[in-house]
Every structure is written in C-alpha cells, then in structure tokens.
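Down below is the structure, laid out as structure tokens.
Each reported figure results from applying straightforward, stated rules to the coordinates on display, with no laboratory input. Note that the coordinates shown come from a computational prediction; the quantities given were computed from them, not determined experimentally. Here the Cβ positions follow ideal geometry from the backbone for every residue, glycine too, while neighbour counts run over all protein chains shown.
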Amino acid sequence: MRMMNYPSALFLFLPTLSATAFAGCNLQEPDYSERYINTSPSVAPTPGPQPHFAQALRAAVAPPPISGGTLAVAPDGRTIVASDPDRDRIYVVDIPTRTVKHDIVLAPGSEPGRVAIDSHGFAHVGLRNTGALATIDLATGSKVERAICTAPRGVAFDAKVDSLHIACAEGVLVTVPLAAGAAIKRVGLDRDLRDVLVIKDKLYVSHFRGANVTVLTREGNVVGESTRGGNLGWRMVKAPAVSDKEENDDVALVSQDPVNPAPSTTGAGYYGSGAIDTCNSPTITTTRLDIPGETSINIPPAVLPVDLATNGREYAIVAAGNGHTPELPQIFIHQAKLRTSATTSSSSSGGFGGGFGTNPDCNEMAKGFVPGQAIAAAFDGEDQLIVQSREPAALYIMSPDRQRVYKEITLSTESREDTGHAIFHSNSGGFLACASCHAEGGEDGRTWEFVEGQRRTPSMLGTLAHTAPFHWDGEMKDLRQLVDHVFTSRMSGPKVDDEHVTTLQSWLFRLPPPPKVQKPADAVARGSQIFEARGCATCHSGADFTNNETVDVGTGARYQVPTLTGVGWRAPFLHNGCAKTLKDRFDGTACGGDKHGDVNGLNAADIADLTTFLDSL
C-alpha cells in the first residue's frame, strides 16, 4: 500500500439534515460541473502541513467521534483515571509506578466521557451513549452503574454538599447526593449542556455549540450568563487563583471562533489555507482561549481543541486535529497571567476580559509533540503534564518543558485505528478539520454566509447513509464529488484516492443517530397522526424520513429534503436557520409558510403535539 498524504474534509454543505421540510416533491438533476468545477482557479493556495496515513483501515466497530476531556487526577495526586470511549473501558493508573491498577470493561457502546473523583475514593464517569453514571472504587476497581439522564456530559463533585452534579446534553442539570437513599434533584436548562464546575457556592454550566456559560446557585436558580461570541465550547476549567490568598470565582474556556469566509467564487482555499504566520492564518474557524482578566487568545494552529487543563500557572490545550500531522504540535502551553489595562483590547467579547485579534502569545507558547492522537490532558501532584492518546491507547508523561514525551504508560494494545475516523478529525492543510464544524459528528449550530447564500451546518449523526445526493442544493451526487469540492478545493487539501474516500464513507455512514429524548407517549402519538394527515410523510418518508429529492418549499430555491432523524437536536432549522425552534417552523411565513406543507388551521395544541413527535425521532 503506497503512502498517502492528504487532509480531512469539512462537509458544511451536506444537506441531508438540520431542517424540517414539508411539501410536495419535484426532482431536479443539478449541474455540478458547470457550477463548481469550471469556477475553480488553475492554481490553488499553497496548503499548510497535511496529515499522513500509511494505509486505508476500516475498524470492525466504528470508533465514536472524538469528544475529549477524559482524564481526572485523584486527590492523592498520583492516581489518574482515564476514560477510553474507543474501547469502552476505564483505566485506573498509578503514575509514579506507571502501572494500570484496574482495567474496567464496560458494555459495548457505553462511550465513557468526563470523570469526577470524590473525596471518598470513588471515580464517577458519565457514559455518553447509555445515559448512565459509572462509579468506580479506586481501591478495588469494582464498578456500579445507575441511570441518570439521556445524554450525560459534564460531571463535578461538590464537597460542601457531598454530591455529584451531572450536566446532561438534553438540557437537564442532575444533582445526585452520595448519601444512600437521598433524593436526586433535576433542574431544566437549555439543551446542549457540556461541562459543570463548582466554584465557591455557585455552579457553572457550559453549553457546547453556543460556548456560553450559565451560573446557578446550588438550589438551581440562574444568577448569571456569559456569552462569548464564539461557538463549540469544547472544555471549561476553573481559572487559577488570583493570588495565594484569593480564589478565582470564574472559569476559562477553550472554544472555536467562527469567521464567515471571504466572498469568492474561486472555491480554492475558500474555507482555509496554509499561511506563513500560523498565529493569524486565514481559516473559517480558529481555536480561542478565553481567560478571566486576559484578552481572548487566538491559536489557529491548534486544530480541534478538545481539552483544556491547568495547574494554576499554565493552561494546556489539546489539539486532536493535529494528530496525524507530524509537523504540527498537539499540545499548546499558555502561561497564565493577568493583562494590564494597557494591553487589554477595548472590544469586549462579553465577559472574560476583552477582545480577540492579533495574538503575540501564540508564537510564545511552548508546543508539545506526542505520538498518536491526543484527546485529553491533566496535571498530576508532581506538576507533571499527562497526555492521553486515543490510538494507540496510552498516557504520555511530558518533559518539564512540556515539549516532548519522556515516559509512557500503555493502557491497551487493542487497536481502534480507522482511516475514515482519522480523516474526519485531521487538520486538512487549511488549519481546520471536518470536525471543526461537524463537532462530535454533529454540527456547530451555525448558519454561514457563503457565496451561494446562507447555509446551515448539517449534522451527520445517523443521517448520511441512503440520503444522497449531498449539499443543501443536492448538487453532489456522492461523497467522491463532495470530497473533491470541499476537501480538496475549499480546504486547501490534495486529492484523496478512491480507497480512502471509501473508508471515510464507511465511517460516516456508520455514525449512529443522537440519543432519543423521552417524550410523553400520548403527545407523540397525536403528533404522528398530524404528521401523516397533513402530508408531511409525502417527502419525509421511509425509515430515514426523506425521499432524497430536491424541492422548493417556498423558500426561494430548491433544496434537499432532509432526513428528520435526530432533528430535535439541531436547531436552528432549514438551510438558512430560519426557524430557531421547531415551533417557529410552523409560525409565520419565514420558512415557506403554506407552501411548506399543509399547516393551515393548526392550533397551539396541534403544533405542540407535532413538535413533540418530531423531537422524539
């Protein structure tokens, strides 16, 4: 098998999801070559460093999309707990002796994620795909599981009330007292919750796609909100103390900052391209580190920032998207410091200290290189930086300067290498990856302004198989065309051969749908009846809720009928995000009005039942 050098693809225009569309159907064959190929320039921008793969591999069980943040250090400073979502395992490791003390096997598909360790010698791990919380006895390795919610994400231990707080993606903050028999408390919040932290007497809860933070009392009362302006808040951590005597009551967050591409009809380098000054490289997303008291730090070379850790003096950012590009670091170290007013930008980003622009700190950062693909980091009691790799499954102890590996701990010898997974998560050469916008296989919640017009990022979770043609306009007959146009041209990437496109398609087509949100059965049944009676199933038909046709539903042009699988998770809806909620889809004329299905005469109760049915799919 010959060596291949190629980047990943960003599929912002896959149309098969992200909106509801109800109407009569009218098929139209798109003219792909005339619209796209003939407008491409003869010379594309020079790409940046690109990933390297030895051969095309397809894992028997598709590894899940990278979520990151799977390490926690126990109070003793020497015991570390690592979740392994690729192998459905949890490891308890003694760092000084480099020994895996316990290897806990979970049910297939559990996908362990965030870890919290209490003061009683137990680790608590959210199982992202089963809705359970796994509790591990660090001394014996014994495990118990309990159902918590639909999609547990962040987990935090609250020593003052001896409880766990679990942030659930469906929009519920669950508090579980550790005392036997104590009542579980649930607080409803907006969907898409991510991390939860306890700082003094407040709970801080981050939101993934919006990258904002909600502040609550322990009683569940909202007392504050912080909106950043970015999106995809990958990881939130407690900010270092202001001084030896003053604790910081704020958080730091690593996220992405989206920028609409410059107007262009050339296609090449439209999303991102290589640049000599990588600290200010042109790309539609860039890593953003928000720190209390500082301006936002712009770090374009840190592709796919899936984790953030701090020891009180440094922040370590894990860039999983650089994992298959040997020339690029996967660890970026920022020295924690307070900016003076003279160096703080006047253009505030809405909390967290200020503006976002040219960043001298990017070049000043220490940069660490590790084998494999890094997904998490943590500092132990000896101030060693520990980095977790997903493939191979290992922990790396970095040198004191954080720039190289000098000790290694093997977690598992079972390979989960999958070339499609690797392509999807790798820097393309344009300083972005497919997962930069299709985070965790889903989407970023954005409607982008492209030369074609407004286009909503689609999700890929359970939506791609059997739903071609692709793009909102239905102008990509298959993944081969899509990769050529988006990945090679728009992301400054080289040509990908058919064998590797096949592995990418195999991985994408095996992505499962998001977890189903439990809804009242009677409302779901009534909504289903309305869905059928009003002709919605004419276009949204079959197991995938789409007939794959390209139609005009009163929105001014022909667009693909999207699948409705998991539609409740991906607001706003339609190709241009015209409906902020499912309810909004049926109000007014912004999303096609009466040309978009027969919705005349539906009252508030009917719409509530219909949206409940859709949210259950």
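Sorted ascending by nearby beta carbons within 10 Å, beginning with the fewest, Cys149, Cys168 become Cys168, Cys149. With a cut-off of 11 Å between beta carbons, the residues surrounding Trp472 carry a summed charge of 0, where Lys and Arg count +1 and Asp and Glu -1. Could you give the nm distance between label points at Ala107 and Ala147, where each point is 7 Å from its Cα heading toward the beta carbon? Result: 1.0 nm between the two label points.
Compactness of the stretch 68-154, taken as the C-alpha radius of gyration over 2.2 N^0.38 Å, stands at 0.98.
For Arg526, Arg456, Arg416, Arg98, what's the fewest-to-most ordering of other Cβ within 10 Å of each Cβ? Intermediate values should be presented prior to the final figure.
Working: Arg526 18, Arg456 28, Arg416 21, Arg98 13.
The most exposed by this proxy come first: Arg98, Arg526, Arg416, Arg456.
To make sure I understand, if each residue's beta carbon is the centre and we count other beta carbons within 10 Å, what order do Glu475, Glu449 fall in, fewest to most? If you can, show how the numbers build up before the last one.
Details: Glu475 25, Glu449 13.
Going from sparsest to densest Cβ surroundings: Glu449, Glu475.
Of Lys238/Lys367; Lys519/Lys583; Lys101/Lys367, which sit over 26 Å apart, Cα to Cα? Could you put the intermediate results ahead of the total?
Working: Lys238/Lys367 22 Å; Lys519/Lys583 16 Å; Lys101/Lys367 31 Å.
Going by Cα-Cα distance, Lys101/Lys367 fall outside the 26 Å limit.
Every helix of 4 or more DSSP H residues in the chain counts as -39500 (n - 2.57), and over all residues that averages to -2500 deg cm²/dmol at 222 nm.
If you scale each eigenvalue of the Cα gyration tensor by 5 and take the root, what three semi-axes come out for the stretch 434-588, rounded to whole angstrom and sorted largest first?
Working: eigenvalues 157, 63, 46 Å².
Equivalent ellipsoid of the stretch 434-588: 28, 18, 15 Å, largest first.
How much net charge surrounds Asp76 when only other residues with a Cβ under 15 Å from its Cβ are counted (Lys, Arg +1; Asp, Glu -1)? Residues near Asp76 contribute -4 overall.
Can you tell me how much longer the chain between Ala533 and Asp478 gets when fully stretched, taken as 0.36 nm per residue apart minus their C-alpha distance, in nm with one decimal? Don't skip to the answer; put the middle values down first.
Working: separation 55, 0.36 × 55 = 19.80 nm, distance 3.31 nm.
Here the segment from Ala533 to Asp478 would lengthen by 16.5 nm.
Using Cα positions and a limit of under 14 Å, work out the aspartates and glutamates in reach of Lys143, with same-chain residues fewer than 8 apart set aside. Output for Lys143: Asp88, Asp103.
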